[in-house]
Amino acid sequence: MSETARNIVAIDGPAGAGKSTIARKVAEKLGYAFLDTGAMYRAATWRAMHLGIDLDDPAALAESTAAMVLDLREENGNQIVRVDGHDVTEAIRSPEVTRNIHKLDRSRGVRDRLVELQRTIGSRGPTVAEGRDIGTVVFPAAVCKVYLDASLQERARRRAEEFAKKGIHVNEGALAEEIRVRDEKDMTREIAPLRRAEDATVVDTTSMTPDEVVDVIVTLARFSC
Ligand code: DC
């Protein structure tokens, strides 16, 4: 078994299942690096939009992604994302970026480039990686795979709560519909669709606290993965 396979905790799941928060805490507890692959698709989308690249031109999107200078780092417990020297930590979470991601995440050229980068990062040392295709495509040999899920209603409630903390009030029903559409896009796309790897453990977080979820995954990673 390769070193990488043993050193990776792969966490996949739909939008709003709490992957980022949970994966970051699991990484902290295990002393592993944390890799937020969604941030990479967001960064590639921000760059293409910033440069006015035609989002319907897959070749141009792949070229832009290959040319992107991406810097992901943890500073004071927060993930800072820089693209070509610009701090885009906030900008990559904007509704405009979120709306356009599917134009990039269905492009083979974009995915190949980002998957290559993810494997390079994962080969540097023990890593908790989260996304949609970590256990199925990026690190299929990983020994520890988790599929995080939660009901649509609960995921919308959590997202609304996150927005509320930032002083933004959103309609939970509209948010649920947005998440449902994104799930459908993620699950039905041709390349690397979101699905549970056959050897992944499903953790339904609907009625769990974040700390409970973290404990379950840390235990899995330490003892059974
Ligand atoms: O986890 P997130 O919401 O930041 O991810 C943003 C989008 O990026 C998500 O809608 C699908 C895409 N994505 C992907 O296709 N593959 C990944 N490994 C991670 C994210």
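The values are calculated or read from the model by the stated rules, or taken from the named source; none is laboratory data. Computed from a predicted model, the values in this text were never measured in an experiment. When we count neighbours, we look across all protein chains shown, and the Cβ atoms used for this are built from the backbone with ideal geometry, even at glycine. Protein only, heavy atoms only, side chains kept; ligands, DNA and RNA dropped before computing areas. Shrake-Rupley method; radii C 1.70, N 1.55, O 1.52, S 1.80 Å.
Quickly run through the stretch 22-46 and pick out the residues that are in contact with a helix residue (DSSP H, G or I) (Cβ under 6 Å, 6 or more places away or on another chain) and of a type outside the set (A, V, I, L, M, F, W, C). Scanning the stretch 22-46 gives Lys25, Lys29, Asp36, Thr37, Tyr41, Arg42, Thr45.
When the stretch 44-54 is filtered for residues that are within 21 Å of the chain's Cα centre (by Cα) and without any contact (Cβ under 8 Å) to a residue 60 or more places away in the chain, the ones remaining, listed by number, are Thr45, Trp46, Arg47, Ala48, Met49.
Within the stretch 112-122, how many residues turn out to be more than 11 Å from the ligand (Cβ to nearest atom) and either open to solvent by 10 Å² or more (accessible area, probe 1.4 Å) or assigned to a strand (DSSP E or B) (or both)? So the answer is 7. How do the pairs read when you match residues in the stretch 17-30 that are within 15 Å of the ligand (Cβ to nearest atom) with residues anywhere that are part of a helix (DSSP H, G or I) and open to solvent by 40 Å² or more (accessible area, probe 1.4 Å), using Cβ under 7 Å and keeping only pairs 6 or more apart or on different chains? Partner pairs satisfying both residue conditions: Gly18/Arg158; Gly18/Pro210; Thr21/Pro210; Ile22/Pro210.
If you take the residues in the stretch 152-193 that are of a type in the set (Gly, Ala, Ser) and surrounded by 15 or more Cβ atoms within 10 Å (Cβ to Cβ), which one is nearest to the ligand (Cβ to nearest atom)? Looking at the filtered set, the residue picked out is Ala192.
The helices (runs of 4 or more DSSP H) found wholly in the stretch 1-98 and carrying at least 3 residues that are surrounded by 15 or more Cβ atoms within 10 Å (Cβ to Cβ) and modelled with pLDDT of 95 or more occupy 19-30, 37-50, 58-67. Only a single item in (1) of a type outside the set (A, V, I, L, M, F, W, C); (2) within 14 Å of the ligand (Cβ to nearest atom); (3) outside any strand (DSSP E or B); (4) closer than 24 Å to Ala221 by Cα is not met by Gly125, and it is number (2).
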